[in-house]
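The values are calculated or read from the model by the stated rules, or taken from the named source; none is laboratory data. Since we're looking at a predicted model, the values are computed, not measured. All Cβ positions, even for glycine, are placed from backbone atoms using ideal geometry, and neighbour counts span all protein chains on display. Only protein heavy atoms, including side chains, enter the accessible area calculation; ligands, DNA and RNA are left aside. Shrake-Rupley method; radii C 1.70, N 1.55, O 1.52, S 1.80 Å.
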Amino acid sequence: MERPRRQAAAANRWVALPQLEAVRVFAAVAEFLSFREAALALGLPRSTVSRHIGLLESALGARLLQRTTRRVSLTNAGELFFAEVTPALQSIGDAGRRLLDAQGEPRGLLRLSATPSAAERVGALMLDFVEQNPHVRVDLDFSDRQIDLVAEGFDLAIRTGRLADSTLVARQVGEGASGYYASAQYVRSRPRLLRPAQLTGHDCIVFTGSSRGGRWAFVVGKRAQSVAVHGRIVTSSLAVAKLAVLRHHGISWLPEPLARAEVRAGRLIPVLTKFWPASTPIQIVYPSARHLAPQVRAAIEFLAKKLPEAL
């Protein structure tokens, strides 16, 4: 029974000690191997540093540091304790920073990347976000190229499709549908379009702001198929592509939300619908869930709520 009592007594001494500050001081001394340097780094008197180390060693019942007039070194117990407490101190610091960030007002620069096909919807939402957060500035980049968020300094991105294996965090907010559309007048004036392969005989508006470019994707049977298309109009603007379809210049790929109102009004007609590919996930992607700045966290939560309504 004597040993459990000693252990309990040691545990009580440890709990009674203002241990966090003492451990923080010890970690600084262990890092610098100098009481003087640790005191300067912590902004404490050297006597206070020495007192914390003495209290810590008494509470633990072990010598952590060897001191001579010339140098400071870690004992075996000190090395073990330093290895254990270093990640714990980091976690405590992280928890404090997360709490401060969560309580902080969104402010500063927010850099966001999205594909050109999402520019109209995401752009409108980010204007709403800026209006609600007057201390936030936004840099909105709409590009279909593969962006390295970390290397290029972006805070987050809106992406469609499955995220490849990576260290990025992906939060799915919905699914995006897209398809192929023509005006009612164009459909009436041309031979009936029954199969994707027949597109070679049709005028197509080629949208270059998408990775599909001049090849359009379909599912024939259970197999993916791509068809090379061409036409008199090539554009990197979805607005121009949609306008060209409405003015009877041919068929174009369009995101379904962009065509929805015109389809309901009868101005656009979906074509080859039974061959359209399945919807793809839409995700908010960001480098890490740790240490998010207030404006980044606020933007993620805002988009997670609003994007599904815009899809």
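Compared with the rule-of-thumb size 2.2 N^0.38 Å for a compact globular protein, the stretch 139-281 has a Cα radius of gyration ratio of 1.13. Computed on the Cα atoms alone, the convex hull of the stretch 220-303 gives a volume of 170 cubic angstrom per residue.
Kirkwood-type hydrodynamic radius, the stretch 85-147: 14.2 Å, calculated from all non-identical alpha-carbon pairs. Of the accessible area of the stretch 233-311, computed with a 1.4 Å probe over protein heavy atoms only, carbon and sulfur atoms account for 55 percent. Sorting 74-84, 237-247 by average packing, meaning the other beta carbons within 10 Å per residue, from highest down gives 237-247, 74-84.
If you take the alpha carbon atoms of the chain and fit the smallest convex hull around them, that volume is 214 Å³ per residue. Just checking the listed ones, THR69, THR280, THR200: in the Gaussian network model of the chain with Cα springs under 10 Å, the one fluctuating most is THR69.
Taking a temperature of 10 °C and a viscosity of 1.306 mPa s, what whole-number D in µm²/s does Stokes-Einstein yield for the stretch 72-177 with Rh from Kirkwood over alpha carbon pairs? Estimated diffusion coefficient is 91 µm²/s. For the stretch 120-180, the share of accessible area belonging to carbon and sulfur comes to 47 percent (1.4 Å probe, ligands and nucleic acids excluded). Once the 1.4 Å probe is applied to the protein heavy atoms, the chain comes out at 57 Å² accessible per residue. Defining a contact as two alpha carbons under 8 Å apart and six or more residues distant in sequence, what relative contact order in percent does the chain show? For the chain, the relative contact order is 20 percent. In the chain, the DSSP-assigned H stretches of four residues or longer account for a calculated mean residue ellipticity at 222 nm of -14000 deg cm²/dmol, using -39500 (n - 2.57) per stretch and the full residue count as denominator. The aspartates and glutamates within cross-link reach of LYS222, meaning a Cα-to-Cα straight distance under 19 Å and a gap of 8 or more places when in the same chain, come to none at all.
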